[in-house]
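Coordinate-derived values only; no laboratory data. All of these numbers come straight from a predicted model, not from anything done at the bench. For neighbour counting, all protein chains shown are included, and Cβ atoms are generated from backbone atoms with ideal geometry for every residue, glycine included.
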Amino acid sequence: MRQRLTITILGVVAATLLVASLGTLVLVHRAATGTSRQELLGETIAIGEHAPPALFKSARIGFVHFVEHAAGIEAVGLVALGPAGNIVGKLPSGIREGDLPLQTLANGYPASGSKGNLVFAIVPIALSRRQAVGLKLPLAYQDFLVTVRKVKSPGGGEFYFLAVAGGALVIAAFIAAFLSRRITRPLVDAVETTRRIAAGDLEAKVPVVKTDLPELAALATSINTMSASLSRSRSLERQFLLSVSHDLRTPLTSIRGYAEAIGDGAAPDPAAAAAIISMEAKRLDRLVQDLLELARLDARRFSLDMQRTNCAKIVADASEGLRPAVEGAGLEFVVSIAAAQGMPDPRSWVSADPDRLGQVVANLIENAVKFATKRVIVDVTALADGVRVTVEDDGPGIPSVDLPHIFERHYTSHRAPVRAVGSGLGLAIVAELVQAMGAVVQVQSPLTPFGGTRMVLRLNRWKSLTN
């Protein structure tokens, strides 16, 4: 890659130099041609005005010979222009009749032009009858003096451009090698690191150098961040598996022990043992259901029926359904919901899936019951753009180290629950469902110096009411 990049940069520089050099040479040649035309025209006019009559006796021995060898002009011709626009006489080599501006000459004006690397000038001159006869030119024609000169390019111009181009290519080669190395080194490191990460080495890091380009440094930082996130996710997944294994092993141990006791006839109270087996089986069923729910949420294989929903009524029904369990745990259950009964308050209509909203509220209440010491409070408040649902407990609060990760799946909190309620996966399910419904869930903790936690769910008001 480094070699290809170096060759590409050199190719671009070489092409640029070639185009610039050719363009410069063309412009220089055009400028030299224009200058030569002006100079030759002025010289030709001067020669035609001041040449002595004796020089016009012979086309080669007299005037022509003098001009060609003494005035530094390549070739000279004496021609005559007839009334019909025809040229009589011999034009200098390299110039044809079609190259001459005949209309300008017919009006008696001098002119100049160019053809290839030649420039020519043609000016009217006044020949006597004897001179015209001596030069074999028609007497009734207008006589003209034609001169030709080769355009001289600036001395050493081609060599100068070649030298400059060669020097520029040498400098470009060093710069291209430096840039290609500076660009490709971080990319090669990034490729090697991603291969190691793909092979399972999550500790691999891309070295970040201060002199790296900002974009490449950002790429390296992103890969390192990804590696750290994958490593943390793997660690959390292992903790989660250990936690789930423990949650599965405990009820299974109880079920197996009481089942063996009943089978052996060693259970003092078979009915009580069967009740414990049933309770533990329900606990296992809840855990399995939550695991399946998380799997469906992760694969986006769940449905939402978003509709106008009376948030107050959904929260009230979910709270009342859990009241026996909350109060059975010895906790005071305070539910503060306006318009839960009778005609609903228009401000309580939200855009949500009723069943999923009830599931979210139930999971929040179960989480509060796990850590509450005396009471759990549920409140619904109408806001300007939606509805706020809060579930508050007076437990020990959440450590600051846990707050950013409280809704992450596989995360195990540092705080110990007061009582075992639910599967421990409720908050991860809450986060997924709330995001899918376009709502927001947040945590506030601690609420007082003694602790306390408040889960805040913000739901969007039903769009048709807003409109």
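Sorting 81-91, 136-146 by average packing, meaning the other beta carbons within 10 Å per residue, from highest down gives 136-146, 81-91.
Coupling constants for segment 117-125 follow from the phi torsions by the Karplus curve (6.51 cos²θ - 1.76 cosθ + 1.60, θ = phi - 60°), and in residue order they are 9, 10, 10, 9, 9, 9, 10, x, 10 Hz; glycine and proline get x. A simple spin-label model places the labels of ALA271 and ALA173 10.0 nm from each other, with each point 7 Å out along Cα-to-Cβ. Counting neighbouring beta carbons within 10 Å and listing from fewest to most, the residues TYR160, TYR258 come out as TYR160, TYR258. Of all aspartates and glutamates in the structure, those lying under 14 Å Cα to Cα from LYS152, and not within fewer than 8 positions of it along the same chain, are GLU39, GLU74. Descending by average beta-carbon neighbour count within 10 Å, the peptides 360-373, 261-274 line up as 360-373, 261-274, the highest first.
On full extension, the segment bounded by HIS29 and LEU248 gains 69.7 nm, given 0.36 nm per residue less the C-alpha separation. Less than 5 angstrom separates the built amide H of ALA204 from none of the residues sequence-distant by 5 or more or on a different chain.
The modelled label-to-label distance between SER400 and LEU292, using points 7 Å beyond Cα along the C-beta direction, is 4.3 nm. Per-residue packing, averaged as other Cβ atoms within 10 Å, sorts the ranges 305-318, 94-107 into the order 305-318, 94-107, beginning with the highest.
Straight Cα distances below 27 angstrom link LYS313 to the lysines LYS370, LYS374, LYS463, with same-chain residues fewer than 8 positions distant left out. Only aspartates and glutamates eight or more places from LYS282 in sequence, or on another chain, were considered; those with a Cα closer than 17 Å are ASP247, ASP290, GLU293, GLU366. Here the 3J(HN,Hα) profile of segment 22-32, calculated from phi with Karplus coefficients 6.51, -1.76 and 1.60 at θ = phi - 60°, is 4, x, 5, 4, 5, 5, 5, 4, 5, 5, 5 Hz, Gly and Pro shown as x.
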